[in-house]
1. Could you say whether any residue in region 86-93 is modelled with pLDDT under 95, surrounded by fewer than 23 Cβ atoms within 10 Å (Cβ to Cβ) and either in a helix (DSSP H, G or I) or more than 15 Å from the chain's Cα centre (by Cα) (or both)?
2. Name the one entry in A156, A136 that is more than 19 Å from Y37 (Cβ to Cβ), touching a strand residue (DSSP E or B) at 6+ places or on another chain (Cβ under 9 Å) and in contact (Cβ under 8 Å) with a residue 12 or more places away in the chain.
3. Among the strands (runs of 3 or more DSSP E) lying completely within region 97-195, list those that include at least 1 residues that are surrounded by fewer than 16 Cβ atoms within 10 Å (Cβ to Cβ) and not polar (S, T, N, Q).
4. Of everything in region 12-35 that's in a helix (DSSP H, G or I) and out of contact with any Asp or Glu (no Cβ under 8 Å at 6 or more places or on another chain), which residue is modelled with the lowest pLDDT?
5. Within region 36-69, track down each residue that is in a loop (DSSP other than H, G, I, E, B) and under 25 Å from A114 (Cβ atoms).
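The values are calculated or read from the model by the stated rules, or taken from the named source; none is laboratory data. The structure presented is a predicted model; accordingly, all values stated were derived computationally and were not measured. Positions of Cβ are generated from backbone atoms using ideal geometry, with glycine treated the same way; all protein chains shown enter the neighbour counts.
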Amino acid sequence: MFARAALMSVVALSVFAAPVATLADPIDASTARDQLYRADRVEVLRYDVTGLSDEEVQVLTVVAQSQKYYAALAFAPNDGIMAEPTVMSANYHTIDAARVAALAGCNERRSGGAACVIAMEVRPQGWEPHDLQLSADSTEDFNDNYRRERGNRAFAISGSSGLWGIGLGDSAAEDAVSACRGDSNVSDCAVVIAD
């Protein structure tokens, strides 16, 4: 049994969780491999928002390019980008989960003014929506560990925390969910890959 934790990179030292839909039925490793992206290649999508100078956009783009997908950067327009509410949530299993986490964290820290907005997103290079999406770190774990194992195995993820786990043997599914939960309080770990 393996336990893996998601690395959440954040601006303003804040991490917030967001839900993500999981597959109705787990898929096998071959099908999963075809739906996943390289973990080391990202693209940055910039939103056209007011309140950012060209220089700030350039700096943020450089920072965003170093983040692990899926990531989103939210800021409070009235406060500017270099303010307490600014949050980057990274290494989630979907862009939607990263957006929700960044906005929630930013709005929680905001002391008034307009609601926070998303300024940038980090996705895998060449991104298109797929049924299965994993964070960069969990994609690496899938490729480096899960695919190399033989016999019964399962891969579970938590959309609300970005955590994941691998289980092996006769109780692979239960062990994967347990590894995903670890010592945390997450309750949404579910098996998405099983062989």
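1. No, that holds for no residue.
2. On the way: A136 fails: more than 19 Å from Y37 (Cβ to Cβ).
Exactly one residue qualifies, and that residue is A156.
3. Values: elements: 117-124, 153-157, 164-168, 190-194.
So the answer is none; nothing clears 1.
4. Of the residues in region 12-35, the ones in a helix (DSSP H, G or I) are 12-13, 29-35.
Narrowing the set further to residues that are out of contact with any Asp or Glu (no Cβ under 8 Å at 6 or more places or on another chain) leaves 13, 30-34.
Details: L13: 29, S30: 96, T31: 97, A32: 97, R33: 96, D34: 96.
Applying the filter and picking the extreme gives L13.
5. To start, the set of residues in region 36-69 that are in a loop (DSSP other than H, G, I, E, B) comprises 36-41, 47-53, 66-69.
Answer for region 36-69, where residues must be in a loop (DSSP other than H, G, I, E, B) and under 25 Å from A114 (Cβ atoms): Y47, D48, V49, T50, G51, L52, S53, Q67.
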